[in-house]
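So that we are looking at the same thing, I have put the structure below in structure tokens.
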Amino acid sequence: MKIGPDTVVTFHYTLRDESGAELESSRGADPAAYLHGANNIIPGLESAMVGQSGGDTFTATVNPADGYGLRNPEKVQRVPIKHLSFKGKLSAGDVVQLSTDDGMRTVTVTKAGRHTADIDTNHPLAGQTLVFDIEVSEVRSATAEELTHRHVHGPGGHHH
Ligand code: ZN
């Protein structure tokens, strides 16, 4: 079966940046799973998956616009340190939790002061060209329930 609308895809991936440095990988853990056509994964990777089958391996290069978006410099802001949740000493480059009216958000510290910190609320991968090494494990038809929920159930997906 080839990947297309309403298929469930399980796959292993290694994600590298443009310089070849590894950012994350599913290898050595359970494969990832997504429902094709449901915006479960970034658009550039989803379109590269079309037509692939179980056992196929390929490399997909995804531009920022088709990945996690462009970096918005206005998303850097100064906040009181007491709004951040972290352990030990706060330093630039730390990825910490910011409490907001909408709950906790993951942010990157760009500058740490005594009472305030500058934080970047862009997605950590925003503005980056992403290189995925993909190995398709399995392609199957989505169940009616998965199509209603717009996500995968079972291994690699939701359990509820
Ligand atoms: Zn569900």
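The values are calculated or read from the model by the stated rules, or taken from the named source; none is laboratory data. Just so it is clear, the structure is predicted and the values come from calculations on it, not from any experiment. So basically every Cβ, Gly included, is an ideal-geometry build from the backbone, and we count neighbours across all protein chains shown. When the accessible area is computed, the model is the full protein with side chains, heavy atoms only, and any ligands, DNA or RNA have been set aside. Shrake-Rupley method; radii C 1.70, N 1.55, O 1.52, S 1.80 Å.
Give the span of segment 73-120's Cα atoms along each principal axis, as three whole-Å numbers ordered largest to smallest.
25, 25, 17
Between E22 and T116, take the C-beta separation as r, use R0 = 30 Å, and let me know the FRET efficiency to the nearest 0.05.
Working: r = 34 Å, r/R0 = 1.12.
Between E22 and T116 the formula returns 0.35.
Using the Karplus curve 6.51 cos²θ - 1.76 cosθ + 1.60 with θ = phi - 60°, work out ³J(HN,Hα) for each residue of segment 79-89 in order, rounded to whole Hz, and write x for Gly and Pro.
10, x, 4, 5, 7, 9, 10, 7, 10, x, 9
For segment 1-53, state which GluC sites (Glu not before Pro) are in a DSSP loop and have at most 16 other beta carbons lying within 10 Å of their beta carbon. Intermediate values should be presented prior to the final figure.
Values: sites: E18, E22, E24, E46; in loops: E18.
Sparse-neighbourhood loop GluC sites (Glu not before Pro): E18.
Just the projected area, averaged over all directions, of the convex hull on the alpha carbon atoms of segment 1-112: how many nm²? Walk me through the numbers on the way to the answer.
Working: hull surface 38.7 nm².
The directionally averaged projection comes out at 9.7 nm².
Using per-residue counts of other Cβ atoms within 10 Å, averaged over each peptide, order 69-78, 36-45 from highest down. It would help to have the intermediate numbers written out before the result.
Details: 69-78: 12.6, 36-45: 16.6.
Ranking, from highest mean packing down: 36-45, 69-78.
Based on Cβ point charges of +1 for Lys and Arg and -1 for Asp and Glu, what charge dipole magnitude is obtained for the chain about its Cα centre, in debye rounded to the nearest 20? Walk me through the numbers on the way to the answer.
Numbers: 14 positive and 20 negative charges, 159 e Å.
So the dipole magnitude of the chain works out to roughly 760 debye.
Rank-order 109-122, 81-94 by packing density, defined as the average count of other C-beta atoms within 10 Å over each peptide's residues, highest first.
Working: 109-122: 16.4, 81-94: 12.0.
Top of the packing list down: 109-122, 81-94.
What residues qualify as long-range amide H neighbours of L70, i.e. H under 5 Å apart, gap of 5 or more or another chain, H built at 1.01 Å from N?
Close amide H contacts, sequence-distant or interchain: G127.
Leaving out ligands, DNA and RNA, and with a 1.4 Å probe, what % of the accessible surface on segment 73-120 is carbon or sulfur? Let's see the in-between values first.
Details: 1660 of 3440 Å².
Result for segment 73-120: 48 percent of the exposed heavy-atom area is carbon or sulfur.
Under a 1.4 Å probe, what is the accessible area of the chain per residue, stated in Å²? Let's see the in-between values first.
Working: 9240 Å² over 160 residues.
Counting only protein heavy atoms, the per-residue value for the chain is 58 Å².
As I understand it, the dipole of the chain uses +1 on the Cβ of Lys and Arg and -1 on the Cβ of Asp and Glu, about the Cα centre. Which of A21, V96, Y68 lies farthest toward its positive end?
Of the listed residues, the answer is V96.
Then there is this: If you bin every alpha carbon distance in segment 47-155 into 5 Å steps from zero, what whole percent lands in each bin?
Using 5 Å bins, I get a P(r) of 2, 10, 15, 13, 12, 13, 12, 11, 8, 4, 1 for segment 47-155.
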